[in-house]
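A short worksheet on the structure shown next.
The values are calculated or read from the model by the stated rules, or taken from the named source; none is laboratory data. Because the structure is predicted, anything quoted here is derived from the model rather than measured. In this analysis, Cβ positions are derived from the backbone assuming ideal geometry, glycine residues included, and neighbour counts consider all displayed protein chains.
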Amino acid sequence: MSEQQKFKVTIDNITIDVAPGTSILNAARQIGGDVTPPAMCYYSKLEGSGGKCRTCLVEVAAGSAADPRPMPKLVASCRTNVMDGMIVKNITSDKVIDARNGVVEFLLINHPLDCPICDQAGECYLQDLGYDHGKEGTRYEFKRRTFGKEDIGPYIQLHMTRCILCYRCTYVADQLTDKRVHGILDRGDHSEISTYISKAIDNDFSGNMIDVCPVGALTDKTFRFKNRVWFTKPVDAHRNCENPKCCGKATLWLRGEEVYRVTSRKDEWGEVQSFEGKPGWICNTCRFDKKKTSDWTVEGITKIGRHSVIGANKYKTLVMPNETIKEIMGGRDPRLLMDIHTISEVNSPVVHLDKVPGAPHQQDFAHTADIIKEDTDVAEQFGKPEEKE
Ligand code: SF4
Ligand code: FES
């Protein structure tokens, strides 16, 4: 069988080979790190998702090897497939950064700034985007959009003012549950997520809507206001769930021995992890009814991204690498080792900073004083640089 043809795509100057039909976003995810555009509506495990929020916009500097013309407008990377020889710019494009700043500003126009009381704080993608691309103030002078309170059932709390209309929860309802009873009603500025006749969203897999919601519009009623996410400690656990559609693998969010919340396990993109090629959705029984550690087999601490606020203060023992130069050089001795003091004229070993009365200045360093003197001599010889008035 002939080897499958691959497309070469360059994103932010990094070239990789990907299968035809891969979107720019997924190609960037294969590279990883900052090269990957943020995605608020695309969710790889939900068919048809993407193309709504515009946070993933990128610049296509060359369409393909066959037709290297740039694309005239920025494109949604989650909905644009790569072509062979395509050149894409994400963080290396000023246009993209500018557009993303604008998108974030638009997303925040109606979004309440209630992070201090929002249960999603600490794991909210809009909060992260706000920090990365947001402005410190708003230019919006009109009244923010508000909605009437709506009860959508015993497990899920809907805060419509926080919704960014990403449609992910409607895809979960369509693709995971037997019947979708909610959707987006009305148009334009009036659009809202609703169950229409306030019918409760109550079926076995509805809890997954909470996990896919990128903001705090859908939160877990059993966890609401009980704790801040960064005070809890996530551990991976599993149980033998009788529901054949439930993967039984979850993250338990503990405080001491108490299980405050159960969620599906997330990957580095904030999406539910896959197990044996299938998305690891969990059923409502595992999520809402199994709130004792004895219900689960705990596997160990969940790996949390280095920069996540959730990891703060959890891992008390910082393990310092015990490496020597020889070890990091693969067992070889360095050819030359230099003492910083023999080549640096600033960090003189004879100057004890703790003995200098008050704050040390340049003059306190013997060598530095010589350099200053040399500079002064040169200045006298060639004249001082003109001082500004
Ligand atoms: S409720 Fe959440 S998941 Fe649903 S459309 Fe709004 S932001 Fe997206
Ligand atoms: S992630 Fe691409 S448009 Fe929302």
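Summary table
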{"item": "Residues located in the range 134-148, provided they are closer than 14 Å to Leu113 by Cα and surrounded by 12 or more Cβ atoms within 10 Å (Cβ to Cβ)", "result": "Gly134, Thr138, Tyr140, Arg144, Arg145"}
{"item": "Single residue of the range 210-225 satisfying the filter (out of contact with any Phe, Trp or Tyr (no Cβ under 9 Å at 6 or more places or on another chain), near ligand 1 (Cβ under 6 Å from one of its atoms) and of a type outside the set (Gly, Ala, Ser)) that is farthest from Gln127 (Cα to Cα)", "result": "Leu218"}
{"item": "Qualifying position, being more than 16 Å from ligand 2 (Cβ to nearest atom), among the aromatic types (Phe, Trp, Tyr) and without any contact (Cβ under 8 Å) to a residue 40 or more places away in the chain, among Phe147, Phe142", "result": "Phe142"}
{"item": "Criterion (at pLDDT 75 or above and of a type in the set (Ser, Thr, Tyr)) met by exactly one of Thr324, Thr263, Thr317", "result": "Thr263"}
{"item": "Flag for Leu165 being at pLDDT 85 or above, within 16 Å of ligand 2 (Cβ to nearest atom) and closer than 17 Å to Asn110 by Cβ", "result": "yes"}
{"item": "Selection count, the range 86-123, where residues are closer than 15 Å to Ala76 by Cα, part of a loop (DSSP other than H, G, I, E, B) and either basic (Lys, Arg) or within 16 Å of the chain's Cα centre (by Cα) (or both)", "result": "2"}
{"item": "Checking Phe205 against (1) within 16 Å of ligand 2 (Cβ to nearest atom); (2) modelled with pLDDT of 85 or more; (3) among the hydrophobic types (A, V, I, L, M, F, W, C), the condition it does not meet", "result": "(1)"}
{"item": "Qualifying residue in the range 80-101 (condition: more than 16 Å from ligand 1 (Cβ to nearest atom), out of contact with any Ser or Thr (no Cβ under 6 Å at 6 or more places or on another chain), small (Gly, Ala, Ser) and without any contact (Cβ under 8 Å) to a residue 60 or more places away in the chain)", "result": "yes"}
{"item": "Some residue of the range 226-233 being in a loop (DSSP other than H, G, I, E, B), under 22 Å from Leu158 (Cα atoms) and touching a residue at least 60 places away in the same chain (Cβ under 8 Å)", "result": "yes"}
{"item": "Candidates Pro72, Pro37, filtered to the one that is touching a Leu at 6+ places or on another chain (Cβ under 7 Å) and part of a loop (DSSP other than H, G, I, E, B)", "result": "Pro37"}
{"item": "Among residues of the range 45-80, those that are within 13 Å of ligand 2 (Cβ to nearest atom) and more than 22 Å from Val104 (Cα to Cα), counted", "result": "2"}
